[in-house]
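Only one structure is covered here, and it is reproduced in the block below.
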């Protein structure tokens, strides 16, 4: 760290990256719009609010922050706010133009404890969104469906789906190239470039590609592995960690046979077909009803 009492920008950025964060300038540079990006912009331009839904890993948060970047260039002085609770989804008196980003208000990996309050607040605030008060909400489709009940039809006015299918080979290839370009190690960068085709055959969502490059960034090719062995191991780790993110919260270890099967999925990631995004999404949908809701 730089000497002195004040933190230097480079020191802060290094800590943010070390703990999995990203720097806005880098995030802007690596963003690759999904194929429905123009439709997303059209919805925001028309209604100044949007509810982006989809399965885990399809880049909902990335798209939300890209929307802020887009409107920041258009609306002078646009402020960015992430409300901590339903009561904070209101601009302060005399506030300038504000971009509200509400991430997973009904829960991220499980149903939250404040869902009714969020639904009521969003029902009111979405109707009041305007050019000076923009609102972007992101939510997993399954969590949304399990919580909003009769309000689902109302929210559909603002809903835009973001699926893995909105990223074709072209988009995933660009995403991979831009992330790899940021690797500081020339050795790892060249290794990733050589493995690109193999990696993109297996990793089909923005989250998976981002995780793969992050794991590359965190390591180096060890002396007891060649390049192919190292990349295969990182690829397996990427898929295993993605599966763990899906199943670790769903079913307690001691629960029924399905719970035991899900745990086996975590320790046996190489079972044929298990690592695909579609399979993980099927696991999610099957296990959601077994997860006890919080009261």
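The values are calculated or read from the model by the stated rules, or taken from the named source; none is laboratory data. Keep in mind it's a predicted model, so treat the numbers as computed, not measured. Glycine also receives a Cβ, built like all others from the backbone with ideal geometry; neighbour counts cover every protein chain displayed.
Every condition in (1) within 24 Å of residue 151 (Cα to Cα); (2) at pLDDT 95 or above is met by residue 71 except one, and the failing one is (1). Assess whether residue 170 counts as being more than 21 Å from the chain's Cα centre (by Cα), surrounded by fewer than 21 Cβ atoms within 10 Å (Cβ to Cβ) and assigned to a helix (DSSP H, G or I). Spelling it out, it is not the case that residue 170 is more than 21 Å from the chain's Cα centre (by Cα), surrounded by fewer than 21 Cβ atoms within 10 Å (Cβ to Cβ) and assigned to a helix (DSSP H, G or I). Collect the residues in segment 120-135 that are without any contact (Cβ under 8 Å) to a residue 24 or more places away in the chain and buried (at least 18 other Cβ atoms within 10 Å of the Cβ), keeping them in residue-number order. Correct list: empty.
The residues listed here are 64, 95; of these, the one that is within 14 Å of the chain's Cα centre (by Cα), in the same structural domain as residue 160 (by TED's automatic domain parsing) and either exposed (fewer than 14 other Cβ atoms within 10 Å of the Cβ) or at pLDDT 90 or above (or both) is 64. Here 150, 184 are screened, and the one residue that is farther than 20 Å from residue 37 by Cα, exposed (fewer than 14 other Cβ atoms within 10 Å of the Cβ), at pLDDT below 95 and touching a helix residue (DSSP H, G or I) at 6+ places or on another chain (Cβ under 8 Å) is 184. Residues satisfying the criterion are absent from segment 98-112 (criterion: at negative phi, more than 17 Å from the chain's Cα centre (by Cα) and in a helix (DSSP H, G or I)). Just for segment 32-57: of the residues that are at pLDDT 95 or above and in a loop (DSSP other than H, G, I, E, B), which one is nearest to residue 137 (Cα to Cα)? Selected residue: 48. In this structure, residue 127 does not satisfy being in contact with a helix residue (DSSP H, G or I) (Cβ under 9 Å, 6 or more places away or on another chain), part of a helix (DSSP H, G or I) and within 27 Å of residue 102 (Cα to Cα).
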